Amino acid sequence: MPIDVTIKARDGKAVKSFALRGPDAMRKVALWIWREIFMSMLAHGTPFVIRSIPEMIAEIEALLGWRALERLLSGGNPSVLDEYEGGDDGLYEEDEDLDDNNAIDYVEEDGDEDFVDEDAYHGSGMCPFHGGHWPASMEGHRLQLQKLVENHLHTAFRAMPSMDLFKVIRAISVDPRTADHVLLEETDENATKSSDTLNAALEIYTSKRNAFRLHAVLSSHSHLLRPQDTETLQHAVRILANGGYALFGLHIFERELFEAARAIYASLIAVFGNIELAEYKVCVEEILKLRPGSLERKNSIERWIDLVVTQQASMNPMTFTMMMMGLQMGGPPEGGPDDPAGFLDNVDQNDSDWDDAMEEFRPPLKERFDGWIELSLLWKEISTNAVLSGVYAKAVQLMPFLCGADIVEQMIVRLTNLQGRTHVARALQSLSNFCIFHRKKLTTAANKQRRAADKATDKATKKAAPTPFGTTNPPFSFSFQPQPQSQPQLQPQTRYGGMEDVD
């Protein structure tokens with residue numbers, strides 16, 4: 001529904017004109033009016049009136065949020081955080097340009113006059129917080145209002161730091177360099193108070209490429225990190241690896257990669273609840289001994305999955321209600337919602353209001369695991385191979401079924417048949433691909449080592465080959481020294497008895 005708004009002076013001349021769509025877009029008009037009120041209070045108000053402005057700014061922030069304060073300074077125009085032209089609500093069009101003869105001249109008591117169309121001024125690359133209809137003498141009051149808003153936003157930042165608020169304060173600051181220094185100090189003071197503040201601090205330090213501060217907070221308070229902070233942590237590890245803390249970043253990489261694998265395992269337990277039992281782990285070992293592709297192995301896998309699965313296809317809510325009421329149950333209505341979290345398919349994935357629900361029902365397990373794998377290129381291959389091999393060994397020890405690609409394939413099929421478990425199936429596929437790759441890599445390395453050992457054995461055998469007569473060839477020796485001659489052995493003379501021996 002189009003809405004045209006024109007703001008006029010007392011004499012009927014138009015000061016500002018808006019072409020809006022939808023009643024929600026009236027927020028832009030309200031913010032423009034509030035800016036004009038504050039400027040008038042600063043220009044003509046008493047000290048008591050001026051002292052009441054911070055309280056009024058706080059009320060606006062309580063009603064519309066801190067993002068509205070930046071838009072207030074620019075007369076309701078889009079924030080620096082808006083991803084598309086038209087503002088954060090996308091419900092208003094650009095203001096209509098006014099003809100010079102239809103615009104009111106802003107006249108102060110001293111008689112100075114100056115008029116520039118505000119929309120043209122905002123889009124010209126000039127200061128976005130200066131109203132086009134203001135005289136030059138209002139510049140000091142504009143800076144004063146800008147400072148009041150900045151001070152209030154600093155108070156909000158100290159209470160709950162965030163990367164978006166960090167950007168906004170720097171964007172509206174009269175002195176961005178000083179504001180940047182103050183914001184970093186405020187971030188240091190509040191970084192370790194909670195998981196939210198730590199996540200915000202990691203984002204801010206990463207944006208500043210400050211590896212020293214990242215190392216300081218992660219080495220002492222990494223226990224505050226949550227699974228939903230994985231993406232922020234991955235960006236931080238990238239800075240650490242390239243900023244003189246490669247070994248520290250490698251330790252985080254190894255720990256978090258295995259934690260991502262364990263998160264996938266925890267999601268699998270929700271469906272295959274019996275895979276933790278020792279008797280079914282023994283069954284996996286027996287299946288792995290069977291010939292791959294054989295009918296016996298296929299049947300064994302199907303029986304094993306039937307034994308370990310604990311979640312079957314969910315009952316349609318309407319059918320469940322009819323069953324509880326004792327009514328006759330028919331088939332589920334076509335297109336009925338079998339997944340209680342199916343509404344998440346239709347929400348904005350970038351809306352932070354849905355983060356908790358997404359983390360509970362649809363955590364991005366695959367994206368987190370793949371994100372850590374991509375970071376493995378940051379370090380030398382010899383270091384990364386050792387870490388990845390260790391993670392693979394621990395993963396297959398925790399989940400022996402990963403040693404059989406055909407077992408995992410049947411588990412994925414079962415997961416895709418369940419409502420709301422597609423994200424688990426995708427994550428399991430990524431984990432299986434990781435294990436297949438490293439299993440082949442370890443097999444290739446073992447075969448190469450065995451061939452090298454066989455070659456060394458053959459070489460040693462040929463070197464000591466036997467002669468046709470069954471004796472080994474003595475080593476040939478040559479010397480210019482005369483060989484010592486052997487002395488003839490004297491045979492003892494045999495004395496035969498004569499007549500003397502006869503009695």
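For region 164-194, the set of residues classified as closer than 24 Å to GLN234 by Cβ, open to solvent by 30 Å² or more (accessible area, probe 1.4 Å) and not charged (D, E, K, R) consists of THR192, SER194, listed by residue number. Looking only at region 265-297, residues that are more than 16 Å from GLN311 (Cα to Cα) and part of a helix (DSSP H, G or I) come to 15 in all.
Taking the criterion of being within 23 Å of the chain's Cα centre (by Cα), open to solvent by less than 40 Å² (accessible area, probe 1.4 Å) and in contact (Cβ under 8 Å) with a residue 40 or more places away in the chain, the residues of region 390-430 that qualify are GLY390, VAL391, TYR392, ALA395, GLY420, HIS423, VAL424, ALA427, LEU428, SER430. Looking only at residues of region 265-275 that are among the aliphatic types (A, V, I, L, M) and open to solvent by less than 20 Å² (accessible area, probe 1.4 Å), we find that the one that is nearest to the chain's Cα centre (by Cα) is LEU268. If you filter region 14-32 down to residues that are surrounded by fewer than 16 Cβ atoms within 10 Å (Cβ to Cβ) and out of contact with any helix residue (DSSP H, G or I) (no Cβ under 7 Å at 6 or more places or on another chain), you find that the one that is nearest to GLY76 (Cα to Cα) is ALA30.
Selection of region 240-264 for residues being open to solvent by less than 10 Å² (accessible area, probe 1.4 Å) and within 24 Å of THR416 (Cβ to Cβ) yields ALA261, ILE264.
Looking at region 351-453, the helices (runs of 4 or more DSSP H) lying wholly inside it that each contain 2 or more residues that are hydrophobic (A, V, I, L, M, F, W, C) and modelled with pLDDT of 90 or more sit at 365-374, 381-398, 405-416. The test for being more than 20 Å from LEU183 (Cβ to Cβ) and either assigned to a loop (DSSP other than H, G, I, E, B) or in contact with a helix residue (DSSP H, G or I) (Cβ under 7 Å, 6 or more places away or on another chain) (or both) holds for ALA241.
Scan region 276-286 and give yes if some residue there is of a type in the set (Ser, Thr, Tyr) and either open to solvent by 40 Å² or more (accessible area, probe 1.4 Å) or within 20 Å of ASN385 (Cβ to Cβ) (or both), otherwise no. Scanning region 276-286 turns up no residue that is of a type in the set (Ser, Thr, Tyr) and either open to solvent by 40 Å² or more (accessible area, probe 1.4 Å) or within 20 Å of ASN385 (Cβ to Cβ) (or both). If you go through region 35-82 and keep only what is among the hydroxyl-bearing types (Ser, Thr, Tyr) and in contact (Cβ under 8 Å) with a residue 40 or more places away in the chain, you end up with SER74, SER79.
The condition of being open to solvent by 10 Å² or more (accessible area, probe 1.4 Å) and in a loop (DSSP other than H, G, I, E, B) holds for only one of HIS152, HIS130, that being HIS130.
Residue count for region 41-65 under the criterion of being in a helix (DSSP H, G or I) and more than 47 Å from the chain's Cα centre (by Cα): the result is 5.
The values are calculated or read from the model by the stated rules, or taken from the named source; none is laboratory data. The structure presented is a predicted model; accordingly, all values stated were derived computationally and were not measured. Cβ atoms come from the backbone with ideal geometry, glycine included; neighbour counts cover every protein chain shown. For accessibility, only protein heavy atoms count, side chains too; no ligands or nucleic acids. Shrake-Rupley method; radii C 1.70, N 1.55, O 1.52, S 1.80 Å.
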